[in-house]
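Have a look at the structure below before the remarks.
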């Protein structure tokens, strides 16, 4: 960890937005503007083993962090964009320390119903531009991956531990053969769910 400045940034990112199953997960991480947590990079550029190690390092060295989830039922009711914005809003509100700026990865930002709305902005490609967003992307990704690995124990025939709920050929074949689980998003690719059995 390197030099710390006085300005505090909160980075926010999500994981699981494009999945067919499981929750959408958002994480927020507050750090000093010039603070560097060694090894942190965009989560997609890191191995799962490296992300897991950094998951604990970020929690140790950040000023504050939070995780918020919205389950597949709410996603189906409200749509994925609304659900994602709600998870981001919840992750932001869970951090109680005062911050100077809140930066969201992507073009959209949740509408905050407090004074934080004026300091919140979206940044396309933010996970590659801001260390705080890269840190948040790792927290969200690892938490969600672990959720899906746990879900694999309940439904091993879907192999969630491998694809984490994303629309791989294997996953789609399992849905076609077995139907959806209670954790699948029925509003996603509804043609896959014609044979729903619950």
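Annotations
- Close contacts from the stretch 60-82, counting a first residue that is over 16 Å from residue 20 (Cα atoms) and a second that is at pLDDT 95 or above and surrounded by fewer than 17 Cβ atoms within 10 Å (Cβ to Cβ), with Cβ to Cβ under 7 Å and a gap of 6+ residues or different chains, come to 63/97; 64/97; 65/59; 66/94; 68/94.
- Listed by first and then second residue, the pairs linking a residue in the stretch 121-145 that is without any contact (Cβ under 8 Å) to a residue 40 or more places away in the chain to a residue that is in a helix (DSSP H, G or I) and surrounded by fewer than 23 Cβ atoms within 10 Å (Cβ to Cβ), with Cβ atoms under 7 Å apart and 6 or more places separating them unless they lie on different chains, are 123/129.
- Selection of strands (runs of 3 or more DSSP E) fully inside the stretch 57-169 by the criterion of at least 1 residues being modelled with pLDDT of 95 or more and over 23 Å from residue 35 (Cα atoms) returns 64-70.
- Which numbered condition residue 48 fails, given (1) buried (at least 17 other Cβ atoms within 10 Å of the Cβ); (2) under 30 Å from residue 184 (Cα atoms); (3) touching a residue at least 60 places away in the same chain (Cβ under 8 Å): (1)
- Residue in the stretch 109-130 that is farthest from residue 22 (Cα to Cα), counting only those that are exposed (fewer than 13 other Cβ atoms within 10 Å of the Cβ) and touching a helix residue (DSSP H, G or I) at 6+ places or on another chain (Cβ under 9 Å): 114
- Some residue of the stretch 69-83 being within 15 Å of residue 135 (Cα to Cα) and over 16 Å from the mean Cα position of the chain (by Cα): no
- For the stretch 24-47, filtering for residues that are over 11 Å from residue 140 (Cα atoms) and either within 9 Å of the chain's Cα centre (by Cα) or outside any loop (DSSP other than H, G, I, E, B) (or both) leaves 5.
The values are calculated or read from the model by the stated rules, or taken from the named source; none is laboratory data. Here the structure is a predicted model, which means the values were calculated and not measured. Neighbour counts run over all protein chains shown; Cβ positions are idealised from the backbone, glycine included.
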